[in-house]
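This report concerns only the one structure given below.
The values are calculated or read from the model by the stated rules, or taken from the named source; none is laboratory data. In this text the structure is predicted, and so the values were computed from the model without any measurement. Cβ atoms come from the backbone with ideal geometry, glycine included; neighbour counts cover every protein chain shown. Protein only, heavy atoms only, side chains kept; ligands, DNA and RNA dropped before computing areas. Shrake-Rupley method; radii C 1.70, N 1.55, O 1.52, S 1.80 Å.
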Amino acid sequence: MAHPSTGVSRRTVTRAATAVGLTALFGGRAATARAVTRLSARTVDVSVASTALGRSAPVRLILPSGFGSQTGRTYPVLYLLHGAHDDYTSWTRETDIEAFTEGRDLIVAMPDAGPTGIPSAWRGGPDYEAFQLTEVPALLARQYRASGVRAVAGVSTGGYGAMAHAARHPGMFAAAASYSGILDTMAPGVPPLVDAIVARENLAPRSLWGSPLLNLLTWRDFNPRSRAEGLRGTPLYVSSGSGIVGGTGDWLPEALESALWLSAHAFTDTLALLRVPVTTHYYTGGGHGWDYWKGEFSASWPMLARALGVPE
């Protein structure tokens, strides 16, 4: 059952977005586009020369319908983050996001988060947080007329990224949504799951945040639940299924969904204790996959649209 969230005023959102947006867009690292590949009239792949990653990395963009003709206009940006063992093409491959956003006057940005889909600063390695929150926004403002108004949504580890980004950088996003995200990285059973995601890509498990015990402060720093206070004033949407309990017998995706059930509840319970409003949709069964995430995106869209100032 969904519970309505309490929004913030357009004035508050605009003021917050402007205050942090100028710093995020034009401060710090400056990324440049090395190559642009046009895939359709509105969709392009941009190869970004990234200092944060030490290499070029892709971001897929869906541009507004009038982008070429309305050259004096700026646009809000919806960031869509991919999950583990997938890539920046997932949203256009698995959904109709290009057709859905036709005529809605916004930019959709789908940045790379590496093979694990965990958009964080890795220990002594790539900094996907800086790539997604500093370099890509700066590029969009400089070359694609992006405004300082942004919303973020993600699936699985991208759902983690959506809430972690918004919590760690209060006011940067006008709304955030997570679909089957890892929202308490320190919940029972979750650190081994995170290690397994990293190890599956032939990376050292402790190369992300180190040991959950010896590097506890780092794990806490990047944990959405631990940083939940930073989400105050940001409209939020969280959805997750119970997986195996009440499921249909498709055991692997249901088992994965079950593994995140308590993590999601711990996160939203903490929001409730802090009196930070959130719209939740916890459903019986469900699997860790796009068959469910597409519907959850649709359910969260009115909240995201209001935050972006575009038609529902």
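What ³J(HN,Hα) values, in whole Hz, does the Karplus curve 6.51 cos²θ - 1.76 cosθ + 1.60 give for the stretch 194-204 when θ = phi - 60°, with x put for Gly and Pro?
In residue order, the calculated couplings are 4, 4, 5, 4, 5, 5, 4, 9, 6, 10, 5 Hz.
Work out the charge dipole of the chain with +1 on the Cβ of Lys and Arg and -1 on the Cβ of Asp and Glu about the Cα centre, then indicate which of Val44, Tyr88, Pro76 is farthest towards its positive end.
Result: Pro76.
Which cross-chain or sequence-distant (5 or more) residues have an amide H under 5 Å from the amide H of Arg150, H modelled 1.01 Å from N in plane?
Val77, Ala174
Using the C-alpha atoms of the stretch 49-124, what convex hull volume per residue, in cubic angstrom, is computed?
107
Could you work out the relative contact order of the chain? I mean the mean sequence separation of Cα pairs under 8 Å and 6+ apart, divided by the number of residues, in percent.
So the answer I get is 19 percent.
Each residue of the stretch 46-56 in order: what ³J(HN,Hα) in whole Hz does its phi give by Karplus 6.51 cos²θ - 1.76 cosθ + 1.60, θ = phi - 60°, with x for Gly and Pro?
Residue by residue, the stretch 46-56 yields 10, 8, 9, 6, 10, 6, 5, 9, x, 6, 7 Hz.
Return one number: the angle in degrees, 0 to 90 and rounded to the nearest 10, between the long axis of the Cα atoms of helix 10-26 and the longest principal axis of the Cα atoms of the chain.
80
Based on C-alpha coordinates, I'd like the Rg and Dmax of the chain, in Å.
18.1, 55
Give, rounded to the nearest 20 debye, the magnitude of the charge dipole that the chain has about its Cα centre when Lys and Arg contribute +1 at Cβ and Asp and Glu contribute -1 at Cβ.
Its charge dipole is roughly 1220 debye.
Give me the accessible area per residue for the chain, probe 1.4 Å, as a whole number in Å².
Here the per-residue accessible area is 40 Å².
Summing Lys, Arg as +1 and Asp, Glu as -1, what charge do residues with Cβ under 12 Å from the Cβ of Trp290 carry, Trp290 excluded?
-3
Scan the chain and report its longest stretch carrying no trypsin sites (Lys or Arg not before Pro) that are both in a DSSP loop and have at most 12 other Cβ atoms within 10 Å.
It works out to 74-274.
Multiply the residue separation of Val36 and Thr89 by 0.36 nm, subtract the distance between their alpha-carbon atoms, and state the gained length in nm to one decimal.
17.6 nm
Quick one: check the C-alpha center-to-center distance for the stretch 55-76 versus the stretch 146-168, whole angstrom.
What the calculation gives is 18 Å, centre to centre.
By DSSP, what percent of the beta bridges with both residues in the chain are antiparallel, rounded to the nearest 5?
For the chain, the DSSP antiparallel bridge percentage is about 45.
In the chain, if the dipole is taken from +1 on Lys/Arg beta carbons and -1 on Asp/Glu beta carbons about the Cα centre, which of Ala255, Ala204, Pro111 is farthest to the positive end?
Working it through, the farthest residue towards the positive pole turns out to be Pro111.
Can you give me the angle between helix 251-274 and the longest principal axis of the chain, using Cα atoms only, in degrees from 0 to 90, rounded to the nearest 10?
80
At 7 Å along Cα-to-Cβ for each site, give me the label-to-label distance between Ser65 and Tyr283 in nm.
With each label point 7 Å from Cα toward Cβ, the separation is 2.9 nm.
Could you check the spin-label model distance between Arg232 and Arg142? Points 7 Å from the Cα along Cα→Cβ, value in nm.
3.6
With bins 10 Å wide starting at 0, give me the P(r) of the stretch 262-312 over every alpha carbon pair, in whole percents.
Here the calculated profile for the stretch 262-312 is 20, 41, 35, 4.
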